[in-house]
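Novice: Encoded as structure tokens, here's the structure I'll be asking about.
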Amino acid sequence: MNHPGTPTFDQLRIFLTIVDTGSFAAAGRKLGRAVSVISYGIANLEAQLGVTLFDREGTRKPQLTVAGRALLGEVRTISDGIDGLRAKVKGLLDGLEAEIDLAVDVMLPSERLGKLLRAFATQFPTVQLRLHVEALGAITAMVLDRRAVIGVSGPLSAGVEGVEGMAAGSVLMVPVAAPDHPLGRMTTIAPGAGRDHIQLVLSDRSRFTEGRDFAVTSPKTWRLADLGAKHALLREGIGWGNMPLPMIEADLVAGTLVRLAMPDHSGGTYRFSGIWRRDTPPGPAASWLLDQFVALGAQDKAQDGMGDI
């Protein structure tokens, strides 16, 4: 039974360089070594593995054998893994975090979040990220409990002891209902009409704001812990409720939801803050994330006549 030996990373690097440059001589120039050293390295690698990797006869350029082609993908995977290991270790030595837990408010526009995290993946390829999407006080609770190193919270983080924050933009919240809902069919909505119908309310999954209501006007409420579920129930005409405008703009255009012109409940501005524990300042990658949230949020424009929620 044959038992292949264990090649060195240097031997594998020589093998890949020959494949990428097309010749032993070119590989030698790229690696700064004599052609004889390159040839010796490949000979040792072939001896270690017990297979011939290059066909050197009858051609000016070495051609991969069947075995060489079969092993090429594995060798590249090993090389990429070593490069990733080196990059991660360098980042750790430079103070870069190995991983980040980020908690964001469910009201944050998904397009903004996706754009920013795509840039983060490019900027910090060695940093693992765990994303938590929560509502209301749950973001602040996660940061306080050290389950997230940074967060993008709604206004409930303001004034919380031990939490620092920076303004990170806002989103417009508007009351909506399905077009066949009684409020959706009204041309003119009288003051107080919303109290006669079920209001769909997003609830907090944490104990941070347990028992507190925000922007609730109707005594008839259905409480949901998921904004997507609230969106679906609004479209079904079960009730009315506030939604972030970017999330339901397509519904307003398609007519699956209508914006309610309620004189006593016109909506409002929901402001975000980038937050962290005062005694645990964010590292380089987390600081970069916060700075990006703040920079993108600075472009948000509050609508005239809309107060804060």
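The values are calculated or read from the model by the stated rules, or taken from the named source; none is laboratory data. In this text the structure is predicted, and so the values were computed from the model without any measurement. Methodologically, a virtual Cβ is constructed for each residue, glycine included, from the backbone with ideal geometry; neighbour enumeration extends over all protein chains shown.
Novice: Check region 179-199 and report whether any residue there is of a type in the set (A, V, I, L, M, F, W, C), more than 15 Å from Thr217 (Cα to Cα) and crowded, with 18+ Cβ neighbours inside 10 Å. Steps first, please.
Specialist: Of region 179-199, the ones of a type in the set (A, V, I, L, M, F, W, C) are 183, 186, 189-190, 193, 198.
Now restrict to residues that are more than 15 Å from Thr217 (Cα to Cα): 186.
Add one more test, that the residue is crowded, with 18+ Cβ neighbours inside 10 Å, and what stays is none.
There is no residue in region 179-199 that is of a type in the set (A, V, I, L, M, F, W, C), more than 15 Å from Thr217 (Cα to Cα) and crowded, with 18+ Cβ neighbours inside 10 Å.
Novice: Pairs please, first residue from region 253-269 and closer than 17 Å to Arg185 by Cβ and modelled with pLDDT of 90 or more, second anywhere and among the aromatic types (Phe, Trp, Tyr) and crowded, with 16+ Cβ neighbours inside 10 Å, Cβ atoms under 8 Å, 6+ apart in sequence or on different chains.
Specialist: Here the result reads Leu260/Trp240, each pair linking region 253-269 to a residue that is among the aromatic types (Phe, Trp, Tyr) and crowded, with 16+ Cβ neighbours inside 10 Å.
Novice: Condition first: modelled with pLDDT of 85 or more and either assigned to a loop (DSSP other than H, G, I, E, B) or buried (at least 16 other Cβ atoms within 10 Å of the Cβ) (or both). Can you find one or more residues in region 79-96 that meet it? Full working, then the answer.
Specialist: The initial filter retains those residues of region 79-96 that are modelled with pLDDT of 85 or more, namely none.
Among the residues of region 79-96, not one is modelled with pLDDT of 85 or more and either assigned to a loop (DSSP other than H, G, I, E, B) or buried (at least 16 other Cβ atoms within 10 Å of the Cβ) (or both), which makes the answer no.
Novice: From the residues in region 20-46 that are in contact with a Gly (Cβ under 8 Å, 6 or more places away or on another chain) and in a helix (DSSP H, G or I), which one is nearest to Gly81 (Cα to Cα)?
Specialist: Top of the filtered list is Ile38.
Novice: Check region 103-118 and report whether any residue there is at pLDDT below 85 and touching a strand residue (DSSP E or B) at 6+ places or on another chain (Cβ under 8 Å). Even if it seems obvious, please write down each step before you answer.
Specialist: Within region 103-118, the first condition is being at pLDDT below 85, and the residues that meet it are none.
No, region 103-118 contains no residue that is at pLDDT below 85 and touching a strand residue (DSSP E or B) at 6+ places or on another chain (Cβ under 8 Å).
Novice: Among what's in region 32-51 and is of a type in the set (Ser, Thr, Tyr) and loosely packed, with under 15 Cβ neighbours inside 10 Å, pick the residue that is nearest to Pro7 (Cα to Cα).
Specialist: Our first condition is that a residue be of a type in the set (Ser, Thr, Tyr); within region 32-51, this holds for 36, 39-40.
Checking which are loosely packed, with under 15 Cβ neighbours inside 10 Å leaves us with 36, 40.
Values: Ser36: 19, Tyr40: 13 Å.
So the residue we want is Tyr40.
Condition check ((1) modelled with pLDDT under 90; (2) assigned to a loop (DSSP other than H, G, I, E, B); (3) not aliphatic (A, V, I, L, M)) across all residues:
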site: Val176; (1), (2), (3): no, no, no
site: Phe208; (1), (2), (3): yes, yes, yes
site: Val216; (1), (2), (3): yes, yes, no
site: Gly237; (1), (2), (3): no, yes, yes
site: Asn242; (1), (2), (3): no, no, yes
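Novice: Also: Considering region 160-196 alone, what residues qualify as being closer than 30 Å to Trp288 by Cβ and of a type in the set (Gly, Ala, Ser)? First the steps, then the outcome.
Specialist: Keep residues of region 160-196 that are closer than 30 Å to Trp288 by Cβ, which gives 160-173.
Matches in region 160-196: Gly162, Gly165, Ala167, Ala168, Gly169, Ser170.
Novice: Can you tell me which residues in region 17-56 are of a type in the set (A, V, I, L, M) and over 44 Å from the mean Cα position of the chain (by Cα)?
Specialist: Going residue by residue through region 17-56, those that are of a type in the set (A, V, I, L, M) are 18-19, 25-27, 31, 34-35, 37-38, 42-43, 45, 47, 49, 51, 53.
Within region 17-56, Ala25, Ala34, Val35, Val37, Ala43, Ala47, Val51 qualify.
Novice: So, in region 103-151, exactly how many residues are in contact with a Lys or Arg (Cβ under 7 Å, 6 or more places away or on another chain), within 27 Å of Gly81 (Cα to Cα) and touching a residue at least 60 places away in the same chain (Cβ under 8 Å)?
Specialist: Result for region 103-151: 0.
Novice: Separate question: With the requirement that a residue be assigned to a loop (DSSP other than H, G, I, E, B), of a type in the set (Gly, Ala, Ser) and under 23 Å from Gln128 (Cβ atoms), what does region 262-302 give you?
Specialist: Here is the first cut: in region 262-302, the ones assigned to a loop (DSSP other than H, G, I, E, B) are 262-267, 278-283, 298-302.
If we keep only those that are of a type in the set (Gly, Ala, Ser) as well, we get 266-267, 283, 298, 302.
Within region 262-302, Gly283 is the sole residue that qualifies.
Novice: Would you tally the residues in region 243-272 being among the small types (Gly, Ala, Ser) and within 25 Å of the chain's Cα centre (by Cα)?
Specialist: Initially, region 243-272 is screened for residues among the small types (Gly, Ala, Ser), giving 250, 254-255, 261, 266-268.
This time we only want the ones that are within 25 Å of the chain's Cα centre (by Cα), so: 250.
Matching residues across region 243-272 total 1.
Novice: Within region 259-292, track down each residue that is of a type in the set (Lys, Arg) and in contact with a Pro (Cβ under 6 Å, 6 or more places away or on another chain). Steps first, please.
Specialist: Step one: filter region 259-292 for residues of a type in the set (Lys, Arg), giving 259, 271, 277-278.
Scanning region 259-292 gives a single hit, Arg271.
Novice: Ok, one more. I need every pair where a residue in region 275-293 that is touching a residue at least 40 places away in the same chain (Cβ under 8 Å) and crowded, with 19+ Cβ neighbours inside 10 Å has its Cβ under 7 Å from the Cβ of a residue that is assigned to a helix (DSSP H, G or I) and of a type in the set (D, E, K, R), sequence separation at least 6 or different chains.
Specialist: Listed by first residue and then by second, the contacts come to nothing, as the list is empty.
Novice: Within region 136-166, work out how many residues are touching a helix residue (DSSP H, G or I) at 6+ places or on another chain (Cβ under 7 Å), part of a loop (DSSP other than H, G, I, E, B) and more than 24 Å from Arg118 (Cβ to Cβ).
Specialist: Residues that pass the stated criteria total 4.
Novice: Also, quick follow-up: All but one of (1) part of a loop (DSSP other than H, G, I, E, B); (2) buried (at least 16 other Cβ atoms within 10 Å of the Cβ) hold for Gln11, so report the exception by its number.
Specialist: (1) is the only condition that Gln11 fails.
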